[in-house]
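As structure tokens, the structure follows; a few thoughts come after it.
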Amino acid sequence: MRETLPVRTKITTSPTEAAEFIRDRGIGAFPTETVYGLGANVFDADAVEKIFAAKMRPADNPLIAHVANLEQIDELTSVIGENARRFIEAFFPGPLTLVLKRSARVPLIATAGLDTIGVRMPRHELAREFLAACGVPVVAPSANLSGRPSPTTWQAVLEDLGGRIDCILQGEATEIGLESTVVDCSAEIPVLLRQGAVSLDELRHVVAETVELAGDDCEAAAKSPGLRHKHYSPTARVVIMGAGSSEPLPPSGRLAYIGISEGVAGGELQMVCRSVEEYAHALFEFFRECDRAGIEMIYCEAVPETGIGAALMDRLRRAAAK
Ligand code: TXA
Ligand code: MG
């Protein structure tokens, strides 16, 4: 992989100025309703390669293409089946990525050699203005260094990628805070590959046969390459605590707590959230805050696995598994 040379990272609030960098074959970060993404023109293989270099992302992990309108989906895909059409109608624009058969125009580097491509249409207003100004579909992984928690603020993007990317489109902290739901629609039965704000129940409401990715880790990893890699991890160790526990944290070490229950005593940093949604919104930035403060262990309260709670528990388990 080519190492990126330091570049000046322009920070702007203008979606058209940010889009200029993409049109000039560069790479730039932008906010969405889930997390910040790091974008490039999907059809420009050299620009796409810069994304992998800047993030130090393994080349076998495919990217999601972000579209401004439904017509752009046709440029990226060769077949859109009936199930995919129903999901598009129900959830686009929004926090859902569909894996579809890719068109011959999409360079292999974008899809890590797969014959499918992930497609998403964000609903975030600034993202939509930016994508429209780019004029092409924009591939964008989360705008973090590979393996770190996804960025939910532009400052977190700067922390990881300042001097490595051309531009950051500055927006608010992202609304949802966890990455999109990913559903493979390239075969007959839709398969949920990654949990997100669109829940399995909501998907099944639209296509009843939708299944969760099953099988052992190897089998699962073959279908969803992202699962092969470590994700969402702070440097600190993550420990999951039972829901509603009021046990105090252990007395030694540099500890932190995040959850919805009040009254968990101890720890240097504490974040008590008012709802599971707020917990999901705050989690990745809290992980980063803990790393900045030199925290060694982060105690995270478990939540019921309904709605966004399923995605939150998925991210907590991945962060704890190291
Ligand atoms: O919310 C999101 O999805 C954010 C924002 C920026 O849109 N993006 C994001 O991208 O989280 P990334 O690259 O960090 O995660 C993409 C996930 C990975 O787990 C990847 O393996 C999976 O989607 N994926 C992408 N294309 C795929 C494909 N063709 N087949 C199977 N999985 C795919
Ligand atoms: Mg990511």
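Once backbone amide H atoms are built at 1.01 Å from N, L193 has V182, V183, D184 as its partners under 5 Å, excluding neighbours fewer than 5 places away on the same chain. Relative contact order for the chain: 20 percent, from Cα pairs under 8 Å spaced at least 6 residues apart, divided by residue count. The trypsin sites (Lys or Arg not before Pro) of the stretch 72-125 that meet both conditions, a loop assignment by DSSP and at most 12 other Cβ atoms within 10 Å of the site Cβ, are R105.
By the scheme Lys and Arg +1, Asp and Glu -1, what is the net charge of all other residues having a beta-carbon under 10 Å from that of K10?
-2
Split the accessible area of the stretch 10-221 by element, probe 1.4 Å, and carbon with sulfur accounts for 49%. Accessible area of D74 (1.4 Å probe, protein heavy atoms only, ligands and nucleic acids ignored): about 100 Å².
Other residues whose C-beta falls under 14 angstrom from the C-beta of V276 contribute a net charge of -3, scoring Lys and Arg +1 and Asp and Glu -1. Computed 3J(HN,Hα) for the stretch 244-259, one whole-Hz value per residue from the Karplus formula 6.51 cos²θ - 1.76 cosθ + 1.60 where θ = phi - 60°, is x, 5, 10, 4, x, 5, x, x, 10, x, 9, 10, 9, 9, 9, x, glycine and proline marked x.
Projected label points at E17 and S252, each 7 Å from Cα along the beta carbon direction, are separated by 5.3 nanometres.
Only lysine pairs 8 or more places apart or on separate chains count here, and in the chain those with Cα atoms under 22 Å apart total 8.
Counted by Cβ distance under 14 Å from G263, the other residues give a net charge of -3, where Lys and Arg count +1 and Asp and Glu count -1.
Using θ = phi - 60° in the Karplus curve 6.51 cos²θ - 1.76 cosθ + 1.60, the 3J(HN,Hα) couplings for the stretch 273-289 round to 9, 7, 7, 5, 4, 5, 4, 4, 4, 8, 4, 5, 5, 5, 4, 5, 4 Hz; x is entered for Gly and Pro.
Across M271, M241, the residue with the most accessible area heads the list, and the full order at a 1.4 Å probe is M271, M241. Annotation: extensible slack from I260 through R204 equals 17.3 nm (criterion: 0.36 nm per residue apart, minus Cα-Cα distance). Accessible area ranking (1.4 Å probe, heavy atoms, ligands and nucleic acids excluded), largest first, for T34, T16: T16, T34. The H on the amide N of A29, modeled in the peptide plane, is under 5 Å from the matching H of G39, C167, I168, L169, each at least 5 residues off or on a different chain. The C-alpha radius of gyration of the stretch 10-221, expressed as a fraction of 2.2 N^0.38 Å, stands at 0.95. Once the Cα-Cα distance is subtracted from the 0.36 nm per residue extended length, the S245 to D60 segment shows a gain of 62.6 nm.
Which whole-angstrom value gives the distance between the alpha carbon centres of the stretch 96-123 and the stretch 125-190? When both Cα centres are located, 15 Å separates them.
Exposed loop sites are taken as GluC sites (Glu not before Pro) in a DSSP loop (any state but H, G, I, E or B) with at most 11 other beta carbon atoms within 10 Å; the longest stretch of the chain without one runs 4-171. In order along the stretch 129-146, the Karplus-derived 3J(HN,Hα) couplings, from 6.51 cos²θ - 1.76 cosθ + 1.60 at θ = phi - 60°, round to 5, 4, 5, 4, 5, 5, x, 9, x, 10, 6, 8, x, 4, 8, 10, 5, 3 Hz, and Gly and Pro are given as x. Over the chain, dividing the summed -39,500 (n - 2.57) contributions of all DSSP H runs of at least 4 residues by the number of residues returns a 222 nm mean residue ellipticity of -9500 deg cm²/dmol.
Taking all protein chains into account, the per residue accessible area for the chain stands at 42 Å² (1.4 Å probe).
Taking amide H positions as modeled 1.01 Å from N, with prolines and chain starts lacking one, the residues under 5 Å from H124 and 5 or more places away or on another chain are E33.
The values are calculated or read from the model by the stated rules, or taken from the named source; none is laboratory data. Being a predicted model, the structure only gives us computed values, none of them experimental. Backbone-built Cβ (ideal geometry, glycine too); neighbour counts: all protein chains shown. Surface accessibility is based on the protein's heavy atoms, side chains included, excluding ligands, DNA and RNA. Shrake-Rupley method; radii C 1.70, N 1.55, O 1.52, S 1.80 Å.
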